[in-house]
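J.: I am attaching a structure below and will ask some questions about it afterwards.
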Amino acid sequence: MDFLRPASWEEALAAKAEHPTAVPIAGGTDVMVEINFDHRRPEYLLDLNRVELLGEWEVGEEDVRLGASVPYTRIMEHLRAELPGLALASHTVASPQIRNRGGVGGNLGTASPAGDAHPALLAAGAEVEVESVRGTRFIPIDAFFTGVKRNALQPDELIKTIHVKKADGPQQYSKVGTRNAMVIAVCAFGIALHPETRTVRTGIGSAAPTPVRAREAEEFLNAALEEGGFWDSGRIITPSIAKQFADLASAACNPIDDVRGTARYRRHAVGIMARRTLGWTWEQYRGGARTLEGAA
Ligand SMILES: Cc1cc2nc3c(=O)[nH]c(=O)nc-3n(C[C@H](O)[C@H](O)[C@H](O)COP(=O)(O)OP(=O)(O)OC[C@H]3O[C@@H](n4cnc5c(N)ncnc54)[C@H](O)[C@@H]3O)c2cc1C
């Protein structure tokens, strides 16, 4: 196995162009497991750890530009206000050791349906900037996951930056696991309220072949909130609206039975998480978030 160690982004792109089968390695928390278990024996490993820009982030007017290798710990420490959903999701990843190494670029690279960053990115409405020597592409997160552990990257492309809109309202992330740490999700749910556009977006993890949005649930809720004047009044969402939202979120799942849980359980749990996270975010909106908006 050859170990390629580019010192810059340009060198990394050139190496990937020359060796499209080279496997990039960032934190290595997925790649090294696969190599250790002999699930993968790549001819080339492309070590991205010397490429500084991948470990940096920038908070702009509208969005956060998150370098692909920024570890979860940094997101939790520095981007909690701007990216609350992703920070909460980061908290649930594995253990401090894994969170110090692993990042969102690696999560997207693996593209597991259970990846914890994915529901938060779907709910926030992220865009993945990928690059090759041929040029740059911006892939909307909704189009990024193409199958079980498959993504929209071309063989010569690398993930450079994840662009995530700064939160304009409350966000939440909920995960069911068999214990409280070091656990891959049985299923997960992310939600983001976007008061500026009066929309709610969602993301479901580990309950379909890819991470997905609960689109019908979103459409139903967006119409119900608008028709009932909820955004202006800030009044409590009625139990019937919350229930319909939860039922539609359950219906958006297409899960399987596996060692972590049954399909039936996953559907049920996603409905519960959808109702709860809607309740939590709406309470935040009714309180601080809405008052602040009104005062601004
Ligand atoms: C004990 C343990 C517990 C875990 N628990 C969780 C958990 O709770 N939740 C969770 O979501 N994940 C979990 N994981 C999986 C892993 O930690 C995450 O997927 C993490 O985000 C991977 O990031 P990384 O930087 O380590 O990726 P790496 O292992 O370096 O890479 C992962 C994949 O992404 C590709 N890649 C990396 N960077 C780039 C790039 N810039 N461009 C293109 N491709 C790239 C690699 O080639 C590889 O295919 C766990 C792993 C372990 C070992």
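J.: With the requirement that a residue be within 12 Å of the ligand (Cβ to nearest atom), polar (S, T, N, Q) and not in a loop (DSSP other than H, G, I, E, B), what does the stretch 145-185 give you?
T.: N151, T161, listed by residue number.
J.: For D156, which of the numbered conditions (1) more than 23 Å from S95 (Cβ to Cβ); (2) out of contact with any strand residue (DSSP E or B) (no Cβ under 6 Å at 6 or more places or on another chain); (3) surrounded by fewer than 24 Cβ atoms within 10 Å (Cβ to Cβ) fails to hold?
T.: Every condition holds for D156 apart from (2).
J.: Determine, yes or no, whether R65 is touching an Asp or Glu at 6+ places or on another chain (Cβ under 8 Å) and at pLDDT 95 or above.
T.: On the way: touching an Asp or Glu at 6+ places or on another chain (Cβ under 8 Å): yes; at pLDDT 95 or above: yes.
Here the answer is yes, as R65 does meet what is asked.
J.: Hey, another quick one. Identify the single condition in (1) in contact (Cβ under 8 Å) with a residue 40 or more places away in the chain; (2) farther than 22 Å from K149 by Cα that G229 does not satisfy, given that it satisfies every other one.
T.: (1)
J.: Going by the conditions given, is A14 touching a residue at least 12 places away in the same chain (Cβ under 8 Å), part of a helix (DSSP H, G or I) and more than 13 Å from the ligand (Cβ to nearest atom)? Give the steps one after another, and end with the answer.
T.: Working: touching a residue at least 12 places away in the same chain (Cβ under 8 Å): yes; part of a helix (DSSP H, G or I): yes; more than 13 Å from the ligand (Cβ to nearest atom): yes.
Yes; evaluated as a whole, the condition is true for this residue.
J.: Sticking with this structure for a sec: Please verify whether the stretch 208-221 includes one or more residues that are among the small types (G, A, S), within 16 Å of the ligand (Cβ to nearest atom) and closer than 26 Å to P96 by Cα.
T.: no
J.: Somewhere in the stretch 120-141, is a residue within 14 Å of the ligand (Cβ to nearest atom), at pLDDT 95 or above, in contact with a strand residue (DSSP E or B) (Cβ under 8 Å, 6 or more places away or on another chain) and aromatic (F, W, Y)?
T.: For the stretch 120-141, residues within 14 Å of the ligand (Cβ to nearest atom), at pLDDT 95 or above, in contact with a strand residue (DSSP E or B) (Cβ under 8 Å, 6 or more places away or on another chain) and aromatic (F, W, Y): absent.
J.: Ok, one more. Looking only at the stretch 249-262, decide whether some residue is modelled with pLDDT of 95 or more, over 28 Å from R179 (Cβ atoms) and not aromatic (F, W, Y).
T.: yes
J.: Ok, one more. Could you please find all residues in the stretch 186-211 being outside any strand (DSSP E or B), in contact with a Lys or Arg (Cβ under 8 Å, 6 or more places away or on another chain) and more than 20 Å from T146 (Cβ to Cβ)?
T.: Listed by number, the residues that qualify are V186, P195.
The values are calculated or read from the model by the stated rules, or taken from the named source; none is laboratory data. No experiment lies behind these values; they were computed from the predicted model shown. Note that each Cβ is placed from the backbone with ideal geometry, even for glycine, and that neighbours are counted across all protein chains shown.
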